[in-house]
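The values are calculated or read from the model by the stated rules, or taken from the named source; none is laboratory data. Computed from a predicted structure; not experimentally measured. So basically every Cβ, Gly included, is an ideal-geometry build from the backbone, and we count neighbours across all protein chains shown. Accessible surface areas use protein heavy atoms only, side chains included; no ligands, DNA or RNA. Shrake-Rupley method; radii C 1.70, N 1.55, O 1.52, S 1.80 Å.
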Amino acid sequence: MQQQQPGSNFNPYAPPTADIDQGLQQQQGEYVLAERGTRLGAVLIDALLAVAAAAPAGLILGFMVYNSRGSMSFGDAELMVYGLIGVMALMVLAFMIYQWVLIATTGQTIAKRWLGIKIVRLDGSPVGFVNGVILRSWVVGALSNIPVVGAIVGIVNPLMIFGEERRCLHDHIAGTRVIVAPRA
């Protein structure tokens with residue numbers, strides 16, 4: 001056992017301490033990793049924007065169904081409902097295509113841009129369409145639709161963000177990470 005010099009501040013009975021700044025601003029090379037909460041916020045905002053894209057057709061559908069009770073034949077009402085559901089799906093698809101173009105070209109969705117974070121490859125280069133969209137979104141989406149496997153993927157994917165690298169399963173599949181975007 002090592003003897004401490006008189007007057008030193010070392011207390012062998014003190015609880016362990018941690019360097020909090022290092023945990024909050026973990027740096028990987030020249031990049032600062034995005035905070036977990038910021039990433040969660042971006043996902044939630046993007047989901048709300050997708051709902052907002054479908055909302056106009058959904059509201060029209062709701063008003064038409066409510067106002068036409070009993071005044072239309074079943075076939076006409078059914079056709080109207082399917083048509084508006086189709087419009088809602090097309091609106092969401094258009095929004096998603098716009099988001100995919102943004103990811104492929106800038107590494108950011110609308111919400112990621114608002115919150116100041118972006119997706120990059122592990123070497124810091126831009127993600128492009130294959131890594132940013134196909135591997136991060138489509139592969140994980142396809143895996144999520146497989147019975148049993150999908151449930152496991154749905155649980156493991158977001159929980160992996162609590163690792164030291166703050167990378168979800170989709171980040172590992174695509175070879176990406178989410179960083180604080182440099183200010184332009």
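Per-residue counts of other Cβ atoms within 10 Å, averaged by peptide: what ranking do you get for 173-181, 38-46, highest first? Intermediate results must be reported in sequence, preceding the final value.
Values: 173-181: 20.2, 38-46: 16.4.
Most protected by this proxy first, the peptides run 173-181, 38-46.
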Original post:
How many angstrom separate the Cα center of the range 80-141 from the Cα center of the range 155-184?
Top reply: 16
Original post:
Peptides 143-155, 85-97: what's the order by average Cβ count within 10 Å, highest mean first?
Top reply: 85-97, 143-155
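Would you please put 158-170, 108-120 in order of how densely packed they are, using the mean number of other Cβ atoms within 10 angstrom per residue and starting with the highest?
Result, highest mean first: 108-120, 158-170.
Under unit Cβ charges (Lys, Arg +1; Asp, Glu -1), what dipole magnitude, rounded to 20 debye, does the range 30-184 have relative to its Cα centre? Present the calculation step by step, with values, prior to reporting the outcome.
Values: 12 positive and 9 negative charges, 69 e Å.
Here the size comes out at about 340 debye.
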**OP:** Find how much the distance from Ala52 to Thr106 grows on full extension, using 0.36 nm per residue of separation minus their present alpha carbon separation; answer in nm with one decimal.
**Re:** 17.2 nm
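Pop out the carbon and sulfur fraction of the accessible area of the range 88-184 as a percent, whole number, probe 1.4 Å. Kindly include the intermediate steps, with their values, before the conclusion.
Working: 3770 of 5250 Å².
For the range 88-184, the apolar C and S fraction of the accessible surface comes to 72 percent.
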Original post:
So what are the ³J(HN,Hα) numbers for the range 160-168, from phi and the Karplus equation (6.51, -1.76, 1.60; θ = phi - 60°), rounded to whole Hz, Gly and Pro as x?
Top reply: 5, 5, 7, x, 4, 7, 6, 10, 6
**OP:** Give a residue-ordered list of calculated ³J(HN,Hα) values for the range 49-57 (Karplus: 6.51 cos²θ - 1.76 cosθ + 1.60, θ = phi - 60°; whole Hz; x for Gly, Pro).
**Re:** 5, 5, 5, 5, 5, 8, 4, x, 5
